[in-house]
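Down below is the structure, laid out as structure tokens.
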Amino acid sequence: MRAALAAVLAALFCRAFVLEIRVVAGDSMTPALLAGDRVLVDRLVYRGAGALAGLLPVRDVRPGDVVLFHSPEDRRTALLKRCVGVPGDSVPGGSIPAGALYLVGDRRQDSRDSRAFGPVARGAVIGRAVAVLGSFAPGDGPRWSRFLSSVE
């Protein structure tokens with residue numbers, strides 16, 4: 001019983017603070033991510049504060065990173081988008097303010113992103129998508145070539 005409880009607590013800790021697996025639902029990040037991809041999200045990489053910060057491989061969000069974040073339109077919804085701008089960068093409509101990021105989908109014509117809801121607060125970022133663990137085409141089966149691939 002203790003072992004099972006310890007395992008559950010460890011899994012909950014890991015999910016909350018370290019790693020998370022998300023299933024991609026839409027096509028807004030095609031070709032980098034496809035609907036049905038199981039994506040590993042690193043929740044530690046952007047956590048710069050804390051006693052262990054000097055020991056962990058932490059850094060700030062960079063242009064090109066694919067990030068998981070809470071939608072500014074519905075905080076219960078998490079989205080995966082690519083960072084294309086950090087504070088001080090110029091984007092359509094002005095420059096990105098301090099504490100914000102400009103996040104867009106790779107498939108621009110089919111993505112609801114910062115072009116619609118504006119820059120996203122840095123605090124809304126959950127983590128960085130680092131790998132596709134598996135991929136299953138809806139109604140079509142596994143896409144073996146995508147298994148264990150990095151997110152570029």
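Each value in this text was obtained by applying a stated rule to the coordinates, not by laboratory testing. Owing to the predicted nature of the structure, the values given are computational and were not obtained by experimental measurement. Please note: Cβ atoms are built from the backbone with ideal geometry, for glycine as well, and neighbour counts cover all protein chains shown.
Details
- Distances between placed amide hydrogens fall under 5 Å for ALA137 paired with ARG143, all partners being 5 or more residues away or on another chain.
- Estimated D of segment 57-114 in µm² per second, where Rh is the Kirkwood radius over Cα pairs and Stokes-Einstein applies at 10 °C, 1.306 mPa s: 132 µm²/s
- Segment 20-150: translational diffusion in µm²/s, Stokes-Einstein, Kirkwood Rh over Cα pairs, 20 °C, 1.002 mPa s: 140 µm²/s
- Per-residue ³J(HN,Hα) for segment 144-152, Karplus 6.51 cos²θ - 1.76 cosθ + 1.60, θ = phi - 60°, Hz, x for Gly and Pro: 4, 5, 8, 4, 6, 9, 7, 8, 10
- Protection proxy ranking, peptides 107-115, 21-29, average beta carbon neighbours within 10 Å, highest first: 21-29, 107-115
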